[in-house]
Amino acid sequence: MIKYFGIALCVFLFIGSEQSLALNAGSSALSTGNEPPISNSAPEFIPFLRIPVKTILVENAPEAIPTWREFSPIKPALVLLSQNPFLMPIPAQLKKEASQLVYHGTLQEFKTKATRLTANPVLLPGMALRAALESHFFSKIIWVLQNGDAKNSVSLKAFLEILINSGVATTDEANQFVQEKDIFSGRIGKTPILIVPWYTLKKIDQPVIVHFDLSFFKSRYQNEIKTPIYELTRTILRKLRETISEVYTVTVSSSHQSGKISLEVRFLRDFIARIFTQPELLNRPLKKNDARLRKALYLENFFQKERVRKLYLAMEKESPADASVAYHLYLNARQFKQGGTALKYLKQAVALDDIYALEYLTLAPLALEKGRPDEAQRMLELAAKAFPQNPFILLRQAELAVMQRQKNVATQLLKRLEKLSWSEIFHPQVPGLITSLKSANSNTPESRERRKEQ
């Protein structure tokens, strides 16, 4: 069974952690005055899912912006397949810096500046499409919602309330939306946007860019008995083949760092990309390892862990460099309560794909619950090694060191955290937390005894 990938309560499940930023956001478009020059040669477009298309895999949606930027001179339409619209407004104080990043930033700069998991972000993942729209990258947005049928439809009034309350649209923007049957249309900034339920999606005749986020599956997937993930994915892609005529390129974001997309479904990213680049696979039987994984995921619903392990071991033999196989072997070993074996497989997965190190952040609090603070600290150290730019891992290490009265360790960690420039917009509470930890760290029995002696 794939956990934490069930039916969503609403299409805006992802927005809550960023919604308070809307009140501080400006409305002007991003502009630096030195935008990239317009190319004289028009990019080629190709029939979608009939011949291979260049597919760009990214972790967080903003990392797709450099690819979108390449096509901005022709202002294509974007088809967005995501539960998260990535339309959170950009704070006015950051407009200029965000503009520089959007127009000129490298992929590496987006990785370090367009994430909440840094001390001083310029953009958050939920602002990716908003940034592109304010830079006039697209002529139109077609946001496809993954609700299955008319029974799950939302009234225009309820939808506009969601738009406003989530911060995705201003009141003025929301009031421009109109409804025709189950489709909503309006504008975000100056860009037209169609919000189309999956079951109403019809032929799109113009060439487009497609952005696929793994969150798209959340509201449709239930479990491997009712909605097997491979069959669901292939059904979705077949419908896209019939509705989207031509594309310029495809971008796919995983969004695991949001904490809302389980690492268990990371294999889907590669499966989807493989079909985009080898569309003939859509009409063929699953490859051996895909078929094995499909069967293993099904058997997990019936607690068949021995049979599941055999399937994963067969997958490992055929594809020893597949990080997702190592990760599923890790999960299987945990079911057998084989901690050492599980960590060996997790280490192997991380070596092949460092995003799996997010699992160490899950294991750290579990170790604490079991009375193993030393093991919790070790898990945090492994996570910090994989994500050296993430200061929140250091913060958790400092908290744990203070709790364990490891004064010298905590002091060194807190000094490193104090040197960082923490965003007053996104992380205003962190400096105060660091101060509190310093105070708690100095209030150890040893330090109290020294103060008495003085």
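The values are calculated or read from the model by the stated rules, or taken from the named source; none is laboratory data. Computed from a predicted model, the values in this text were never measured in an experiment. Because the Cβ atoms are built from the backbone with ideal geometry, glycine has one as well, and the counts that use them run over all protein chains shown. We work out accessible area using only protein heavy atoms, side chains counted, and drop any ligands, DNA or RNA first. Shrake-Rupley method; radii C 1.70, N 1.55, O 1.52, S 1.80 Å.
Residue by residue, here is whether (1) over 14 Å from ALA61 (Cα atoms); (2) modelled with pLDDT under 90; (3) in contact with a Leu (Cβ under 7 Å, 6 or more places away or on another chain); (4) surrounded by fewer than 17 Cβ atoms within 10 Å (Cβ to Cβ) holds:
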{"residue": "ILE204", "(1), (2), (3), (4)": "yes, no, no, no"}
{"residue": "PRO207", "(1), (2), (3), (4)": "yes, no, no, no"}
{"residue": "HIS211", "(1), (2), (3), (4)": "no, no, yes, no"}
{"residue": "LEU214", "(1), (2), (3), (4)": "no, no, yes, no"}
{"residue": "GLU224", "(1), (2), (3), (4)": "yes, no, yes, no"}
{"residue": "ILE236", "(1), (2), (3), (4)": "yes, no, no, no"}
{"residue": "VAL247", "(1), (2), (3), (4)": "yes, no, no, no"}
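Scan segment 267-286 and tell me whether some residue there is among the small types (Gly, Ala, Ser) and open to solvent by 10 Å² or more (accessible area, probe 1.4 Å). Checked against the condition, which is being among the small types (Gly, Ala, Ser) and open to solvent by 10 Å² or more (accessible area, probe 1.4 Å), segment 267-286 yields at least one hit. Would you pick out the residues in segment 43-87 that are of a type in the set (Lys, Arg) and open to solvent by 50 Å² or more (accessible area, probe 1.4 Å)? ARG50, LYS54, LYS75 - these are the residues of segment 43-87 that are of a type in the set (Lys, Arg) and open to solvent by 50 Å² or more (accessible area, probe 1.4 Å). The set of residues from segment 407-445 being of a type in the set (S, T, N, Q), in a loop (DSSP other than H, G, I, E, B) and at pLDDT 95 or above comprises SER421, SER423, GLN429. Of the helices (runs of 4 or more DSSP H) lying entirely inside segment 272-366, the ones with 1 or more residues being closer than 29 Å to PHE48 by Cα and among the aliphatic types (A, V, I, L, M) are found at 288-299, 323-335. Filtered by the rule that a residue be under 22 Å from LEU237 (Cα atoms) and part of a helix (DSSP H, G or I), segment 68-95 gives a lone residue, TRP68. In segment 393-433, the residue that is most open to solvent (accessible area, probe 1.4 Å) out of those that are among the β-branched types (Val, Ile, Thr) and over 23 Å from GLU375 (Cα atoms) is ILE425.
Working only within segment 367-380, note down all residues that are surrounded by 14 or more Cβ atoms within 10 Å (Cβ to Cβ) and either hydrophobic (A, V, I, L, M, F, W, C) or assigned to a helix (DSSP H, G or I) (or both). Answer for segment 367-380, where residues must be surrounded by 14 or more Cβ atoms within 10 Å (Cβ to Cβ) and either hydrophobic (A, V, I, L, M, F, W, C) or assigned to a helix (DSSP H, G or I) (or both): ALA367, LEU368, PRO373, GLU375, ALA376, GLN377, ARG378, MET379, LEU380. Screening the candidates TYR298, TYR356, TYR345 for the property of being touching a Pro at 6+ places or on another chain (Cβ under 8 Å) and either modelled with pLDDT of 95 or more or hydrophobic (A, V, I, L, M, F, W, C) (or both) yields one hit, TYR298. The number of residues in segment 325-366 being open to solvent by less than 30 Å² (accessible area, probe 1.4 Å), among the hydroxyl-bearing types (Ser, Thr, Tyr) and without any contact (Cβ under 8 Å) to a residue 40 or more places away in the chain comes to 3.
All told, LEU94 meets the bar of being more than 14 Å from the chain's Cα centre (by Cα) and either over 30 Å from TYR221 (Cβ atoms) or buried (at least 21 other Cβ atoms within 10 Å of the Cβ) (or both). Of a type in the set (Gly, Ala, Ser) and not in a loop (DSSP other than H, G, I, E, B): does that describe ALA119? Criteria not met by ALA119. When you look at VAL210, is it outside any loop (DSSP other than H, G, I, E, B) and in contact (Cβ under 8 Å) with a residue 40 or more places away in the chain, yes or no? So VAL210 fits the description; yes.
Would you check if there is a residue in segment 113-128 being touching a residue at least 60 places away in the same chain (Cβ under 8 Å), open to solvent by less than 10 Å² (accessible area, probe 1.4 Å), in contact with a His (Cβ under 6 Å, 6 or more places away or on another chain) and under 18 Å from THR191 (Cα atoms)? No, the conditions are met nowhere in segment 113-128. The residues on offer are GLU44, GLU63, GLU109, and the sole one that is among the acidic types (Asp, Glu), modelled with pLDDT of 95 or more and over 13 Å from HIS211 (Cβ atoms) is GLU109.
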